[in-house]
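Please read the structure below before turning to the comments.
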Amino acid sequence: MQLVKVDNYEEMSKKACSIIMEHIQESRNPVLGLATGSTPEKLYSCLIEKYKQGKVSFENVMTFNLDEYVGLKKDDANSYHHYMKEKLFDHVDLRADQIHLPDGHSEDLEQDCRAYEKQIQRAGSIGLQVLGIGLNGHIGFNEPGTPFSSRTHVVELSPSTRRANARFFPGIEEVPTQAISMGIASIMESKKILLLVSGEQKAEALHRLLNGDVTEDFPASILQTHPDVTVIADELALEPSL
Ligand code: F6R
């Protein structure tokens, strides 16, 4: 893993933005894996800004999101479909057929998971996957204990993840109990991985990622075995490791 230390959230987002732009410019058929949550918000604003300045185009890009809540309609304000439209997709030159997210409102979730894997394979696998990390070490919505061999699947969200994400909902009761997530094996097939970590609340998770054992009890630890991972972490997240 390559660790890039930056001063703050702003710098982390700018650095990630330039890595993604470079990837898009250098690849013939760029396939991006995208995350939601608080961490990549400024990265997406930066990509929009660069697009508006004519410095990047998404014309040839395909995108696959990591996850989606089960039970929320696409236009629900808390769905990841909605998040991505609002934070990125509606502001750049991406057509609907270039965008992929698991369908958390599908009638056959298992079938949808299998179809999602096939779509990724057909696109030639993910070239650059953007990740955040959960307080419990989850990547995507792969909670502790998820087999490293997992593929896109329906997951039960842990109480800690539901509590952490309750800030986006009126209350914890409204946070869905399940999600569809790309599996750990699916994520690990990405050619490059870019993990973004910001803020002191992530310090413990980052410390364990950088120094701990590779174990299914801490899903992000598998990244230690991937050949091309860049971790961009800010000072607050790094403090105990400095
Ligand atoms: C989101 C995702 C999650 C988040 C993680 C961190 O698509 O897959 O793994 O990256 O929960 O969330 P934030 O960035 O809100 O701290």
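Quick one: length gained pulling residue 29 to residue 115 fully straight, 0.36 nm per residue minus the C-alpha distance?
28.9 nm
Across the range 166-173, in residue order, what do the Karplus-derived ³J(HN,Hα) couplings come to in whole Hz, using 6.51 cos²θ - 1.76 cosθ + 1.60 with θ = phi - 60° and x for Gly and Pro?
4, 4, 8, 10, x, x, 4, 4
From the phi of every residue in the range 67-75, what ³J(HN,Hα) in whole Hz does the Karplus formula 6.51 cos²θ - 1.76 cosθ + 1.60 yield, where θ is phi - 60° and glycine or proline is x?
Once rounded to whole Hz, the list reads 7, 7, 5, 8, x, 9, 6, 4, 8.
If R0 is 25 Å, what FRET efficiency do you get for residue 239 and residue 4 from their C-beta distance, rounded to 0.05? It would help to have the intermediate numbers written out before the result.
Values: r = 16 Å, r/R0 = 0.64.
Efficiency computed from Cβ-Cβ geometry: 0.95.
Using Cα springs under 10 Å in a Gaussian network model of the chain, which residue among 35, 164, 220 shows the largest mean-square fluctuation?
Taking springs between Cα atoms under 10 Å, the residue moving most is 164.
Would you mind working out the magnitude of the charge dipole of the chain relative to its Cα centre, with +1 at each Lys and Arg C-beta and -1 at each Asp and Glu C-beta, to the nearest 20 Debye?
Numbers: 24 positive and 36 negative charges, 125 e Å.
The calculation lands at about 600 debye.
Could you state the number of Å between the C-alpha centres of the range 176-235 and the range 35-85?
About 20 Å separates the Cα centre of the range 35-85 from the one of the range 176-235.
Once phi is turned into ³J(HN,Hα) by the Karplus curve 6.51 cos²θ - 1.76 cosθ + 1.60 with θ = phi - 60°, what whole-Hz value does each residue of the range 185-197 show in order, with x for glycine and proline?
Listing the rounded values in order: 5, 5, 5, 5, 7, 5, 5, 10, 10, 10, 9, 10, 9 Hz.
Under the rule a/c < 1.5 gives rounded, and otherwise a/b versus b/c splits prolate from oblate, where does the range 107-242 land using the Cα gyration tensor?
Numbers: a/c = 1.91, a/b = 1.16, b/c = 1.64.
Oblate, because a/c is 1.5 or more while a/b does not exceed b/c.
7 Å from Cα along Cα→Cβ at both residue 55 and residue 172: what's the point-to-point distance in nm?
4.2
Remind me, relative contact order of the chain in percent, using alpha carbon pairs under 8 angstrom and six or more residues apart?
Relative contact order here is 26 percent.
Per q in 0.16 1/Å, what log10 I(q)/I(0) does a Debye calculation on the alpha-carbon atoms of the range 2-241 return?
Results for the range 2-241 at q = 0.16 Å⁻¹ read -1.21.
Return the calculated 222 nm mean residue ellipticity for the chain, to the nearest 500 deg cm²/dmol, obtained by summing -39500 (n - 2.57) across DSSP H runs with n ≥ 4 and dividing by the residue count.
Calculated mean residue ellipticity at 222 nm is -9000 deg cm²/dmol.
Taking 8 Å as the Cα distance limit and 6 or more residues as the minimum spacing, I'd like the relative contact order of the range 24-113 as a percentage. It would help to have the intermediate numbers written out before the result.
On the way: 113 pairs, mean separation 28.6, N = 90.
The normalised contact order for the range 24-113 reaches 32 percent.
Among 198, 57, 221, which one shows the biggest mean-square fluctuation in a GNM of the chain, springs joining Cα atoms closer than 10 Å?
Its mean-square fluctuation being the largest, the pick is 57.
Computed from the coordinates by the stated procedures, all read-outs in this text should not be read as laboratory data. The structure displayed is predicted, hence computed values, not measured ones. Virtual Cβ from ideal backbone geometry, glycine too; neighbours counted across all protein chains shown.
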